[in-house]
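A short write-up of the structure that comes next.
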Amino acid sequence: MRISKEKIDRIKEEILASLYKNSPKAVFTSDVAMSLIRDEEFIKKLLLELESQNLVVSVKKNSEGIDYSRRLRWRLSAKVFDAYNTIEKQKLQYDDNNHTYI
């Protein structure tokens, strides 16, 4: 079964939104896959693509500085995190009654 490019792009957007929701905490691939109800290998492939586009960053060490042997955690890159913050601030300042930004 093939998934269209549009649907893959939407899933990538969901991945970014999920990472933003959990930020600043870095989350494991399995946690992202579980929140999106998708296969871990598929999500890992998409996360690696997002990493090559500098949208996410892989965390290869635990909080004690020891390298993970088989797992990866993920977080948003600073550029993407700032973009999401800007969008969220605009949402908070939108007046629904007057349909204007405050």
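Observations, loosely collected:
- Counting neighbouring beta carbons within 10 Å and listing from fewest to most, the residues I43, I11, I37 come out as I37, I11, I43.
- Inter-site label distance for S30 and D67 at 7 Å from Cα along Cβ, in nm: 2.2
- Prolate/oblate/rounded label for segment 17-59 (Cα gyration tensor, a/c 1.5): oblate
- Working from label points 7 Å from Cα in the Cα-to-Cβ sense, the S52 to S23 distance is 2.3 nm.
Just so you know, all these numbers are worked out from the coordinates, no wet-lab data involved. Remember, it's a predicted structure, so these values are computed and weren't measured experimentally. Quick reminder, even Gly has a Cβ in these numbers, built from the backbone with ideal geometry, and neighbours come from all protein chains shown.
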